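The values are calculated or read from the model by the stated rules, or taken from the named source; none is laboratory data. Not measured: the values here are computed from a predicted model. Every residue, glycine as well, gets a Cβ built from its backbone with ideal geometry; the counts of neighbours run over all protein chains shown.
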Amino acid sequence: MRRLTIKTVILFIFTTASVFAQTKIGINGAIEWDIMEINTVVSLDLASAGLKLPAGRTQGESLITSEYLRLIRPGILSLQIDSSSTFGDLIERGEWTLPEMENLALQARSVPPALSQDFGSLSASYTLGIAVISSALTRHTRPAQMPVTMSPVPAPSYTGIIIIATDNLPAHGLQGTALPQPCLFPKIWDTDMNLIFDRNMLNPGAGAAAHYFHVRDIFAGGPSGLSLGITAVTGNRPLRIIARGVFGITPTDLIIGREDALLIISTEENRRLLREGRIAIILNESVLKRTINGE
């Protein structure tokens, strides 16, 4: 009797695994830097899971909820944190743990699962704000000292900083050019390679260190010529800067002219813009969205 029981259990495990392996559940979406969100949809094919309506709907919803973390994990692990690290690199170095990362993923806003028009599949939407991840990764309690200059220049009080970096730029330390890429914590250097801004200078409660926009956002209507989205970050009187180059293993760090850097660091009012993350970076449209998909 015992042998029969063991064989039955083994058969049940393999049968269950086989059925689950045939279940069609997947994720589609994108990391959308222009709106600072990770938007995804998890979809389940009901027939492949052996579920029938109406009784199977509750099971389908539970399956989507339980599989969300597994499906979103690769997308968050590949999220670019700075010029040298992805989220996966932080975990590999022991700076973060996988459960901590998954707790962040669970902070996503979700829309309850809905049936497709043909009633063949069930889908749920998830939205995770990139600023939520930035805030979690900002672990200092006081910002580092901002750079100052012994030779300040006269500078207006700006309401924000816009850095335009839409084209291939000279890559510092390398031959050739590179297209600037988005990340959570871009650094800003001047052409003398003085560090002007990094994540440690950000106020802990500021959220995102920088926001990313399309070039059309600086050619909108209205007196300032700026879109409402960019105005919310930089105000109506921002300092506009053309980036001179890029730096980093991944080209996320921007190099600006020394004269532009002096306009920022010459006054406390303008240095405060960096601490508060009032920075808008205009990138090429091709890098502002990265697809997430998998099963």
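What's the number of the condition ALA165 fails, among (1) touching a Leu at 6+ places or on another chain (Cβ under 6 Å); (2) assigned by TED's automatic domain parsing to the domain that holds SER66?
ALA165 satisfies every listed condition except (2).
For every residue, the table says whether it meets (1) among the small types (Gly, Ala, Ser); (2) out of contact with any His (no Cβ under 7 Å at 6 or more places or on another chain); (3) within 19 Å of ASN39 (Cα to Cα).
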| residue | (1), (2), (3) |
| --- | --- |
| GLU100 | no, yes, no |
| GLN117 | no, yes, no |
| ILE130 | no, yes, yes |
| ALA144 | yes, yes, no |
| ALA155 | yes, yes, no |
| ASP167 | no, yes, no |
| PRO170 | no, yes, no |
| LEU174 | no, yes, no |
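Could you tell me whether THR291 is touching a Cys at 6+ places or on another chain (Cβ under 8 Å) and under 25 Å from ILE35 (Cβ atoms)? Full working, then the answer.
On the way: touching a Cys at 6+ places or on another chain (Cβ under 8 Å): no; under 25 Å from ILE35 (Cβ atoms): yes.
It is false that THR291 is touching a Cys at 6+ places or on another chain (Cβ under 8 Å) and under 25 Å from ILE35 (Cβ atoms).
Which strands (runs of 3 or more DSSP E) sit wholly inside region 188-295 and have at least 3 residues that are among the hydrophobic types (A, V, I, L, M, F, W, C) and buried (at least 22 other Cβ atoms within 10 Å of the Cβ)?
Numbers: elements: 188-190, 195-197, 211-213, 239-242, 245-247, 253-256, 279-283, 289-294.
Fully inside region 188-295 and qualifying: 253-256, 279-283.
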